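The structure under discussion appears below in the form of structure tokens.
The values are calculated or read from the model by the stated rules, or taken from the named source; none is laboratory data. Keep in mind it's a predicted model, so treat the numbers as computed, not measured. Positions of Cβ are backbone-derived with ideal geometry, glycine not excepted, and every protein chain shown enters the neighbour counts.
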């Protein structure tokens, strides 16, 4: 959780992108702090109503972290190589895996992120500040 004195749209979106789960506006009541703690402990994202009122936050910004966190370490490595235009066989050599294993990881990545193909995956990565 983070207490922010002067929240800006760029700052709030950056904090969400890097994984901050709770964003509180400075000077908020203790009840806000307690609700934020409860939300974060329950695995949810909490953003003060004052911030949400002033800064439009798309639903995708709130959900991005949970979708990306679903990826295993190895899936993230495969995704990084996919986004760099590595073929399955090139990625397999680089990671010390078989091409079939890399293809399986790619399918899991697409499924977990709700994307249809490499182009859609690239669009997802751009929209979520991953590239």
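Scanning the stretch 21-48 for residues that are outside any loop (DSSP other than H, G, I, E, B) and surrounded by fewer than 18 Cβ atoms within 10 Å (Cβ to Cβ) yields 30, 31, 32, 33, 34, 35, 37, 38, 39, 40, 41. Sub-8 Å Cβ pairs linking a first residue in the stretch 25-36 that is closer than 16 Å to residue 5 by Cβ to a second residue that is modelled with pLDDT of 75 or more and exposed (fewer than 11 other Cβ atoms within 10 Å of the Cβ), at least 6 apart or interchain, are 26/5, ordered by first then second residue.
Taking the criterion of being touching a residue at least 12 places away in the same chain (Cβ under 8 Å), under 21 Å from the mean Cα position of the chain (by Cα) and closer than 13 Å to residue 9 by Cα, the residues of the stretch 37-57 that qualify are 47, 51, 55, 56, 57. Residues in the stretch 1-20 that are within 20 Å of residue 127 (Cβ to Cβ) and either in a helix (DSSP H, G or I) or under 18 Å from the mean Cα position of the chain (by Cα) (or both): 9, 10, 11, 12, 13, 14, 15, 16, 17, 18, 19, 20.
Please tell me if residue 67 is modelled with pLDDT of 80 or more, assigned to a helix (DSSP H, G or I) and under 30 Å from residue 99 (Cα atoms). Judged against the criteria, residue 67 is not a match. The stretch 85-131 holds helices (runs of 4 or more DSSP H) entirely within its bounds, and those carrying 3 or more residues that are at pLDDT below 90 map to 118-127.
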